[in-house]
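Bear in mind these aren't lab numbers, they're just calculated from the coordinates by the rules spelled out. This is a predicted model, so every value here is computed, not measured. Positions of Cβ are generated from backbone atoms using ideal geometry, with glycine treated the same way; all protein chains shown enter the neighbour counts.
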């Protein structure tokens with residue numbers, strides 16, 4: 001039985017697909033499992049930053065065995081075989097009876113990653129560096145977490161180092177969000193939209 005994935009408005013995308021996505025007005029992505037979007041409006045992330053705002057137009061579901069060359073080509077692959085190889089690279093074990101979700105969406109607004117004015121789209125490491133530099137009112141434990149983010153560069157690695165499991169990375173993410181909020185309150189950064197952090 002395929003897992004159900006709730007899409008809460010943030011879609012992660014490999015950097016290899018960024019140029020294709022941003023050069024198309026309407027595009028799509030195939031994801032393993034039953035993806036249930038909670039909202040039509042989504043933010044597309046790549047390499048820890050939001051690259052675009054998009055609107056989901058349609059969501060369809062197929063078994064892996066039902067995917068054909070046309071599905072593959074619409075998703076930017078040369079053939080069904082190439083698409084299946086990519087799904088296996090991303091998800092590991094994929095079989096013919098697994099469900100996939102085909103999300104069709106249009107780009108509403110492209111965001112320039114080099115635009116320093118979009119301060120909300122900072123990497124967790126950048127937030128940690130600013131928070132420590134400006135000596136925000138954080139606990140010893142929170143400062144320790146931010147220091148490890150700078151050192152490790154990954155929320156996953158920090159969670160594993162501190163707690164022995166990535167299941168605890170919500171604690172690390174919570175500290176980053178708190179630091180970002182404090183930076184906003186002090187006027188150090190400007191927040192235009194809430195963000196989720198890619199880990």
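Quick notes on this one:
- Pair-distance distribution of the range 1-70: all C-alpha pairs, bin width 5 Å, starting at 0; shares per bin in whole percent are 3, 13, 25, 24, 21, 11, 2, 0.
- Sum of -39500 (n - 2.57) over DSSP H runs of 4+, divided by residues of the chain (222 nm, nearest 500): -10500 deg cm²/dmol
- Ranking of 45, 140, 134, 10 by count of other Cβ atoms within 10 Å, fewest first: 140, 134, 10, 45
- Of the residues 74, 148, 183, the one that moves most in a GNM of the chain with alpha-carbon contacts below 10 Å is 74.
- Once the Cα atoms are used to define both axes, helix 169-185 deviates from the longest principal axis of the chain by about 60 degrees.
- Fewest-first sequence of 79, 46 by Cβ atoms within 10 Å of each Cβ: 79, 46
- Using alpha-carbon coordinates, inclination of helix 124-133 to the longest axis of the chain, degrees: 10 degrees
- Residue among 31, 169, 89 with the largest mean-square fluctuation in a Gaussian network model of the chain, springs linking Cα atoms under 10 Å: 89
- 0 to 90° range, to nearest 10: angle between helix 80-91 axis and the chain longest Cα axis: 30 degrees
- Difference of contour (0.36 nm per residue) and Cα-Cα distance, residue 162 to residue 93: 21.9 nm
- Neighbour-count ranking [beta-carbon atoms within 10 angstrom, fewest first] of 105, 77: 77, 105
- On full extension, the segment bounded by residue 57 and residue 170 gains 37.6 nm, given 0.36 nm per residue less the C-alpha separation.
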